[in-house]
Amino acid sequence: MTAMRRRRVVQASLVLLLVLFGFWLYHIGKGFDLLVDNKTITIGDATYRATATVRVSIDGSEPLVLTKRGRDVISVVGYDHVIRVEELDMDDEVIRTVEKSFTLDRHSGDLLSLPALLGGEENWIVLREP
Amino acid sequence: MKKTGLDGTFRLDRFLLTNLVPLLFIGLSAVAIPISQFSGAYLVQEMMIRLARNSFLVLSLLIPIIAGMGLNFGMVLGAMAGQIGLILITDWMILGLPGLTLAALIATPIAMVLGWMCGAILNRAKGREMVTSYILGFFINGLYQLVVLYGFGKVVPIKSADLVLSRGFGVRNAVNLLGIRNCLDNLIPLSIQGIRVPLGTFLVIGLFCLFIVWFRRTKLGQDMRAVGQDMDVARSAGIPVERTRIVSIVISTVLAAYGQIIFLQNIGTMNTYNSHEQAGMFAIAALLVGGASVARATLPNVFVGVILFHLMFVVSPMAGKYLIGEAQLGEYFRVFVSYGIIAVSLVLYEWRRARDRAYARRSLRGGEV
Amino acid sequence: MGKLGSFVDHVGWPRVIIAVFLLLLFVAAPFVEVRLDASIGDTLVRFGMNGVLVLAMVPMIQSGCGLNFGLPLGIIAGLLGAVTSLELNLTGLAGFAAALAIAVPFGLLFGWAYGRLLNKVKGGEMMIATYVGFSSVAFMCMMWLLLPYRNPTMVWGYAGKGLRTTISVQEYWGGVLSDLLGIRVTDFLSVPTGMLLFVGLMCLLVWAFFHTKTGTAMTAVGTNPDFARASGIDIDRMRTLSVMMSTTLGAVGIIVYQQSFGFIQLYMGPFFMAFPSVAAILIGGASVHKATLTNVLIGTFLFQGILTMTPSVINSMLQTDMSEVIRIIVSNGMILYALTRVTRVNSK
């Protein structure tokens with residue numbers, strides 16, 4: 001009887017372990033398609049103007065160059081990321097570099113507003129209206 | 001019928017009969033390859049890809065054969081379970097190897113339930129397992145369509161607009177698996193003289209071969225062999241026959257689910273309503289081409305079969321085109337070959353069985369010839 | 001309750017469920033604005049179209065060869081007859097008769113070879129029949145491309161050779177049987193008398209055959225092979241004969257089907273055609289070992305009734321087309337039920 005019960009316990013914990021493993025896989029494998037956006041944007045009362053061409057990369061990916069009003073997609077895997085934005089002048093020289101780490105979750109938006117980020121706005125990750 | 005002893009001619013007969021199918025295929029390929037004008041490097045690369053793509057599915061057929069249940073046409077059940085896993089992870093956007101593993105994890109319980117059901121039904125249809133599992137495949141296909149075409153998006157939430165039909169529920173005909181495409185194949189990049197070797201997949205297949213070798217030696221594996229040889233003897237030896245048979249089908253179904261996932265990660269797109277049907281037929285045909293029979297199949301059968309069968313598959317449309325000027329003819333030819341090969345193997349197997357039975361009956365009656 | 005229970009037991013649960021389901025569909029039809037007379041008309045037409053194909057199951061079941069999953073072989077014989085008749089430019093009843101006359105020898109020939117094959121594999125007939133059917137269809141796919149038919153309505157226009165996938169018989173002998181003695185009851189309901197009579201005639205022939213000496217011998221082979229052997233019946237000959245009959249009936253059946261349908265479907269067309277017929281006869285109450293003409297008639301009516309009614313009624317009720325899925329589940333579920341039941345009786 002006890003042997004049977006021990007077996008049950010082992011089986012149950014094995015199943016539990018597999019379920020947890022599944023959640024972990026979900027966590028590390030979850031992909032997001034992030035829109036990086038270099039357009040003028042209004043968040044709350046503040047308006048952030050897109051002023052310059054920027055070079056952007058997330059987690060050290062191949063840098064993307066976005067001119068004013070440019071927008072592109074970067075695909076990432078996982079929840080925690082570091083974005084690196086470089087503001088460029090007319091001669092493609094870097095004026096300013098901003099690096100910021102951020103965490104996504106199920107409810108956060110997928111639009112990363114670069115002017116807002118450069119302007120120091122806290123909610124620079126925007127949920128798009130469907 | 002003339003009674004033949006164990007003299008030389010009889011054995012040659014026997015050899016030709018058991019290896020008829022692979023020999024036939026080697027002959028056909030020898031003729032068709034030069035006609036098709038494919039280069040050697042191209043064919044080697046193509047075979048490499050197809051070995052990685054199909055071996056696992058074919059391997060999943062081995063265990064029910066040990067248990068004497070014939071070719072498990074019910075493996076399509078596993079394939080369907082695998083596809084449900086893939087649809088879900090595609091909707092959730094889980095990418096890469098974690099996505100693949102999660103799909104397998106989701107498919108496992110579904111495949112276990114389906115496999116258990118299949119095994120239980122086959123226990124009620126002893127002696128006609130193959131035709132029953134074959135029809136069962138169709139039946140479950142109906143349920144699968146019910147779930148995927150009507151349930152997904154209504155009962156099971158599906159968010160991605162790329163997956164759902166425009167009417168708001170039901171999964172589209174083609175599902176793009178870009179997120180997990182080749183993630184296992186390219187896990188360990190390796191190239192030998194310009195030929196890409198999908199080492200990751202081969203490692204998984206190798207592990208699985210070891211599993212089968214090990215499994216045959218376990219108590220359960222031995223029990224299965226006993227059940228496969230004679231159910232009544234096995235039962236009197238205290239082996240739970242019904243349970244053993246169910247377990248063999250459950251294992252096969254779960255493995256078929258993994259096989260289908262590996263297959264589709266290589267292909268990169270999934271035909272929601274067709275991929276699984278083809279999986280069953282091609283896997284079975286490949287195994288038989290490799291020289292396996294309904295009652296006996298080995299690991300070499302699997303790999304020889306996959307290579308020979310798919311060689312024919314790649315080569316025949318082009319051979320048909322150059323030979324008769326009609327690629328369509330080659331297409332039909334390979335369909336004919338896939339079905340024909342299954343038919344021939346089944347006939348040879350049943351023929352041999354009927355002959356043995358007739359022989360046993362005669363000797364029972366007392367040496368009347 | 002006891003009486004009802006034993007009745008249900010006798011007829012079998014699946015059959016009762018299907019019959020009740022069909023009845024409900026007919027009752028529900030007027031409420032969802034589906035015309036009852038049109039439904040009945042469609043059901044009658046489809047009954048006539050499929051009757052002979054279902055009948056083709058009977059001889060093989062009776063002689064113990066199991067369900068004839070190899071029906072496509074007979075269908076191919078019928079297709080050969082049909083296209084040859086078109087090639088000869090024969091129209092009307094003459095064309096139809098010519099199609100039959102050409103198809104029957106092919107059916108007998110294929111049936112003979114197929115029967116010989118099945119005699120070598122006793123006990124494993126059904127699986128082999130399935131794959132013989134499949135591979136013959138695939139083989140004929142190549143043949144349709146290569147055979148020297150030249151009638152311009154049948155071959156691909158640009159190449160001038162290779163038969164089309166669907167060929168219209170409307171100009172030749174489409175509807176000759178259905179419209180023969182046709183009775184128009186309402187605008188939507190006309191009875192295809194000629195076709196129904198033809199099905200009746202075929203049933204009568206099969207019925208008569210099974211009351212001859214050979215016919216009873218065939219049944220004996222199916223029900224008790226040992227007894228049959230002991231009483232000096234040549235089992236293999238009887239089985240071959242039954243397979244020849246089944247295959248020929250399949251050939252005749254597909255021609256009847258085509259003249260009503262209006263098209264010949266070549267290539268992969270016959271591929272899955274065995275399954276509806278198998279399902280129909282099983283729904284009618286046949287088992288893997290025993291089938292009667294009543295099974296054929298009831299089964300064809302029930303199965304075709306469901307196929308006709310589900311698309312119209314269910315679709316207007318749920319606004320989605322579930323008929324295909326229902327067809328798959330019902331027909332294969334029925335076959336599965338029959339396969340698992342038989343052995344339970346046998347293994348005792």
Inset, instruction - Find which of C:A228, C:V155, A:A50 sits farthest along the positive direction of the dipole of the protein assembly as shown, computed with +1 on the beta-carbon of Lys and Arg, -1 on that of Asp and Glu, about the Cα centre. - result: C:A228
Legend entry - Candidates per trypsin sites (Lys or Arg not before Pro) in segment A:4-55, loop by DSSP, up to 13 other Cβ within 10 Å: A:R49
Legend entry - Cβ-based exposure ranking for C:F210, B:F309, B:F15, B:F139, in which fewest neighbours within 10 Å come first: B:F15, C:F210, B:F139, B:F309
Inset, instruction - Quick one: dipole size for chain B, taken about the Cα centre, charges +1 on Lys/Arg Cβ and -1 on Asp/Glu Cβ, in debye to the nearest 20. - result: 920 debye
Inset, instruction - Tell me what the protein assembly as shown gives for mean residue ellipticity at 222 nm when only DSSP H runs of n ≥ 4 count, each as -39,500 (n - 2.57), the sum divided by the residue total, rounded to 500 deg cm²/dmol. - result: -21000 deg cm²/dmol
Inset, instruction - Would you please classify the overall shape of the protein assembly as shown from the alpha carbon gyration tensor, given that a ≥ b ≥ c denote the square roots of the eigenvalues, rounded means a/c under 1.5, and beyond that prolate means a/b larger than b/c while oblate covers the rest? - result: prolate
Legend entry - aspartates and glutamates whose Cα lies under 14 Å from that of B:K126, excluding same-chain neighbours fewer than 8 positions away: B:D230, B:D232, B:E242
Inset, instruction - Would you mind classifying segment B:160-221 by shape? Square roots of the alpha carbon gyration tensor eigenvalues, ordered a ≥ b ≥ c; an a/c under 1.5 is rounded, otherwise it is prolate if a/b is larger than b/c and oblate if not. - result: oblate
Inset, instruction - Mind running the shape call on chain B? Use the C-alpha gyration tensor, a ≥ b ≥ c as the square roots of the eigenvalues: rounded below 1.5 for a/c, prolate if a/b tops b/c, oblate otherwise. - result: oblate
Legend entry - R0 of 51 Å, Cβ-Cβ distance A:T2-B:K154: FRET efficiency to nearest 0.05: 0.65
Inset, instruction - Under 14 Å Cα to Cα from C:K161, which aspartates and glutamates show up? Leave out anything in the same chain fewer than 8 places away. - result: B:E326, C:E87
Legend entry - segment C:169-192 residues near the modelled C:L93 label - backbone nitrogen below 13 Å, point 7 Å along Cα→Cβ: C:176-182
Legend entry - Sites C:L36 and C:A113 - FRET efficiency at Förster radius 45 Å, r taken between beta-carbons, to 0.05: 0.45
Legend entry - Mean separation of Cα contacts under 8 Å, 6 or more apart, over the residue count of chain C: relative contact order %: 31 percent
Legend entry - Nitroxide proxy distance, nm - points 7 Å out along Cα→Cβ at B:A327 and C:R237: 5.4 nm
Inset, instruction - Starting from the Cα of B:Y42, step 7 Å along the direction of its Cβ; do the same at B:I192; then give the gap between the two resulting points in nm. - result: 2.2 nm
Legend entry - Neighbour-count order for B:H276, C:H10, A:H107, fewest beta carbons within 10 angstrom listed first: A:H107, C:H10, B:H276
Inset, instruction - Pick out, in residue order, every one of the chymotrypsin sites (Phe, Trp or Tyr not before Pro) in segment C:70-177 that is DSSP loop and has at most 10 other C-beta atoms within 10 Å; say none if there are none. - result: C:Y158
Inset, instruction - Express the relative contact order of segment B:8-363 as a whole percentage, based on alpha carbon pairs under 8 Å and six or more residues apart in sequence. - result: 31 percent
Legend entry - Student exercise, the protein assembly as shown dipole from Lys, Arg, Asp, Glu Cβ charges, in Debye to nearest 20: 3780 debye
Inset, instruction - Report, in debye and to the nearest 20, how large the dipole of segment C:12-340 comes out about its Cα centre when Lys and Arg carry +1 and Asp and Glu carry -1 on their Cβ. - result: 760 debye
Legend entry - Between helix A:2-29 and chain A: long-axis angle, C-alpha atoms, 0 to 90°, nearest 10: 10 degrees
Legend entry - Theoretical FRET efficiency, 1/(1+(r/R0)^6), r = Cβ-Cβ of C:S168 and B:A120, R0 56 Å, to 0.05: 0.70
Inset, instruction - Can you put B:L61, C:L201, C:L108 in order of Cβ neighbours within 10 angstrom, beginning with the fewest? - result: C:L201, C:L108, B:L61
Inset, instruction - With a point put 7 Å past each Cα toward its Cβ, work out how far C:F227 is from A:L20 in nm, to one decimal. - result: 6.7 nm
Legend entry - Anchor A:K68: aspartates and glutamates whose Cα lies under 17 Å away (excluding residues fewer than 8 positions away in-chain): A:D37, A:E86, A:E87, A:D89, A:D91, A:D92, A:E93
Legend entry - Alpha-carbon centroids, segment C:131-157 and segment C:1-67: separation in whole Å: 34 Å
Legend entry - With at most 16 neighbouring Cβ atoms within 10 Å, loop GluC sites (Glu not before Pro) (DSSP) excluded, longest segment of chain C: C:172-348
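Any read-out appearing in this document is the output of simple, stated calculations on the displayed coordinates, not a laboratory observation. These numbers were taken from a predicted model, which means no experiment stands behind them. Note that each Cβ is placed from the backbone with ideal geometry, even for glycine, and that neighbours are counted across all protein chains shown.
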